[in-house]
Amino acid sequence: MGDTRLEPVVLSDVERLTLENWARRRSTAQGLAVRARIVPACANGWNNTVVAARLDVGRGTVSRWRTRFLRDRLDGLADEPRPGVP
């Protein structure tokens, strides 16, 4: 999980505004609010280790959400359905 060759995260104005709103709203699920803070921190050019330290999450967590955002954009930050949950 090295941080040497990270693909840069570039946010559109709409994506940045949406993430800011998710991070700020009291009704946002806690997990989504954390993800909404991780992605803009990655867009600041920080590597996974720095983002993890600043947001007090694991480096693997940052890597997972950076990758999912780059692949699926905002839709990638939503919780995936879990087996056995209706």
* Structure fact -> How many residues of region 46-86 are assigned to a helix (DSSP H, G or I), among the hydrophobic types (A, V, I, L, M, F, W, C) and under 24 Å from residue 12 (Cβ atoms)? The answer is 9
* Asked: So which residues in region 3-23 are of a type in the set (Lys, Arg) and modelled with pLDDT of 95 or more?
  -> 16
* Asked: Of everything in region 4-39 that's outside any helix (DSSP H, G or I) and hydrophobic (A, V, I, L, M, F, W, C), which residue is surrounded by the fewest Cβ atoms within 10 Å (Cβ to Cβ)?
  -> 10
* Members of region 25-50 that are of a type in the set (D, E, K, R) and at pLDDT below 95 -> 25, 26
* In region 62-86, what residues are surrounded by fewer than 19 Cβ atoms within 10 Å (Cβ to Cβ), in contact (Cβ under 8 Å) with a residue 12 or more places away in the chain and within 15 Å of residue 6 (Cβ to Cβ)? -> 70
* Odd one out for residue 51 among (1) more than 11 Å from the chain's Cα centre (by Cα); (2) of a type outside the set (D, E, K, R); (3) within 22 Å of residue 6 (Cβ to Cβ) -> (1)
* Members of region 24-42 that are under 19 Å from residue 70 (Cβ atoms) and of a type outside the set (D, E, K, R) -> 31, 32, 34, 36, 38, 39, 40, 41, 42
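The values are calculated or read from the model by the stated rules, or taken from the named source; none is laboratory data. Everything quoted here is computed from the prediction, not taken from an experiment. Positions of Cβ are backbone-derived with ideal geometry, glycine not excepted, and every protein chain shown enters the neighbour counts.
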